[in-house]
Structure formats: structure tokens, C-alpha cells
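Engineer: Let me begin by handing over the structure; questions about it come next.
The values are calculated or read from the model by the stated rules, or taken from the named source; none is laboratory data. In this text the structure is predicted, and so the values were computed from the model without any measurement. Quick reminder, even Gly has a Cβ in these numbers, built from the backbone with ideal geometry, and neighbours come from all protein chains shown.
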Amino acid sequence: MRILLHICCGPCAIVPVKWLKAAGHEVVGLFTNPNIHPAAEYVRRRETLKAFQDRLGIEVIYKDTDYDPVIWLRAVAFREANRCFHCYQIRLERTRGIAKTGGFEAFTSTLLYSKRQKHEVIAALGRDIAGGGRPEFFYQDFREGWREGIETSKAWGMYRQDWCGCLLSEVERRNNIIL
Ligand code: SF4
């Protein structure tokens, strides 16, 4: 299958790319993440992926024009308690749209690698967005490679952020420092 893989960050891409390629799929990455705050952090994650994409052995589409925090802010405003759903939705819908335009057979996301994400929500959302048509949503539980991904990213010397991406997630991560 020719699969468009939404990539949230370099470290989370290691296992999905490795496993998908090992299974014989053709993988192209897509970096579209308007959730990342601040802009300097967006650039840092993007540049980390760029620096390692040859090692991963994939082409990556960088949709910097999608980096409009207003899109994310409007999607989650007054829905903060359920913000991750809307954050996933923005990125998966965008990935599905580009996959369709690009003639991919399927789309998926490195969000399915993280043990810190709402895995079942992402899986259900991906299937809903695909709607049973083409491109289909490719589901795999990449969390089984959680430890492998961490160890590889450390061995490679990749930048590894310690919060999910948005301002709210950073505040939650640092509450014990701020409060
Ligand atoms: S915590 Fe992560 S997934 Fe949830 S809204 Fe923030 S950036 Fe998006």
C-alpha cells in the first residue's frame, strides 16, 4: 500500500515508519501540526524531523502553510476539556485530504504510537474520517514499539520534547514548577 503518514514529531515516527516499511508499504510522511506552541517549538520539531528523515528513509511533505494557530484555537475554544479530539480531527482530516489529492491508498498517524494519546479516540476518528472509502484509514497499534522508539531516538540523539504540543499541554506539564 502507498500510505501517507501524519507525523507529529521525529521520535514518534521511528517505529511506525520502520514497521510500515518492513511490512512492504510505501510510506510518505506529512508534517502538519498547527497545535504546536510556540512557533519556535514548531520549527524545532520540524527541523528535527528534517534532520532525521534520511535515516528514517522517507520523503516528508512539510505543510508549513498549515501552521496557523488560529485554526487550532478556534477548533478547541470552549471545548478545552475535549480539546484532543478536535486537535486530532484537524490533523487527520488534513492528512486524509492530502492523501486523497495525492492518490494514496491509505493514511495513518504517528499519534497511534504514543502511549500518552487517546488511542481509541484516534482510531475511531480515523475510521470516521475515512468513511469507508478511499483513501482508507490504516490502523495499527504502534504502542507495542514504545520502548524501542524511545531507545532509538535517544541513541540517535534526537530532540525529545517533554510535552505534547499545545500551550495547555505545556502548562499541564509544568504545573509542578509554575504553581
Ligand atoms: S494535549 Fe496534545 S493532542 Fe491534546 S490538544 Fe494539546 S497538542 Fe493536541
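Engineer: Quick one: how many residues across the range 92-112 are within 13 Å of the ligand (Cβ to nearest atom) and not in a helix (DSSP H, G or I)?
Structural biologist: Matching residues across the range 92-112 total 1.
Engineer: Can I ask one more? Note down all Cβ pairs under 6 Å where the first residue falls in the range 150-170 and is charged (D, E, K, R), the second is within 11 Å of the ligand (Cβ to nearest atom), and they're at least six residues apart or on different chains.
Structural biologist: Hits for this filter: 170/163.
Engineer: What residue, of 134, 173, is loosely packed, with under 15 Cβ neighbours inside 10 Å, without any contact (Cβ under 8 Å) to a residue 12 or more places away in the chain and either at positive phi or not aliphatic (A, V, I, L, M) (or both)?
Structural biologist: 173
Engineer: Okay, moving on. Inside the range 50-74, can you point out the residues that are within 19 Å of residue 25 (Cβ to Cβ), part of a helix (DSSP H, G or I) and without any contact (Cβ under 8 Å) to a residue 60 or more places away in the chain?
Structural biologist: Here is the first cut: in the range 50-74, the ones within 19 Å of residue 25 (Cβ to Cβ) are 53-61.
Of the ones still in play, those that are also part of a helix (DSSP H, G or I) are 53-56.
Correct list: 53, 54, 56.
Engineer: For the range 84-91, check the following and say yes or no: at least one residue is surrounded by fewer than 21 Cβ atoms within 10 Å (Cβ to Cβ), more than 16 Å from the ligand (Cβ to nearest atom) and either in a helix (DSSP H, G or I) or of a type outside the set (Val, Ile, Thr) (or both).
Structural biologist: no
Engineer: Restricting the search to the range 137-170, which residues are assigned to a loop (DSSP other than H, G, I, E, B), among the small types (Gly, Ala, Ser) and buried (at least 17 other Cβ atoms within 10 Å of the Cβ)?
Structural biologist: 165
Engineer: If you don't mind, there's one more thing I want to ask. Considering only residues that are more than 16 Å from residue 95 (Cβ to Cβ), away from the ligand (no atom under 11 Å from the Cβ) and β-branched (Val, Ile, Thr), look in the range 33-83 and name the one that is surrounded by the most Cβ atoms within 10 Å (Cβ to Cβ).
Structural biologist: 48
Engineer: Taking the range 78-131, which residues are at pLDDT 95 or above, small (Gly, Ala, Ser) and out of contact with any Ser or Thr (no Cβ under 8 Å at 6 or more places or on another chain)?
Structural biologist: Answer for the range 78-131, where residues must be at pLDDT 95 or above, small (Gly, Ala, Ser) and out of contact with any Ser or Thr (no Cβ under 8 Å at 6 or more places or on another chain): 97, 99, 102, 103, 106, 114, 123, 124, 130, 131.
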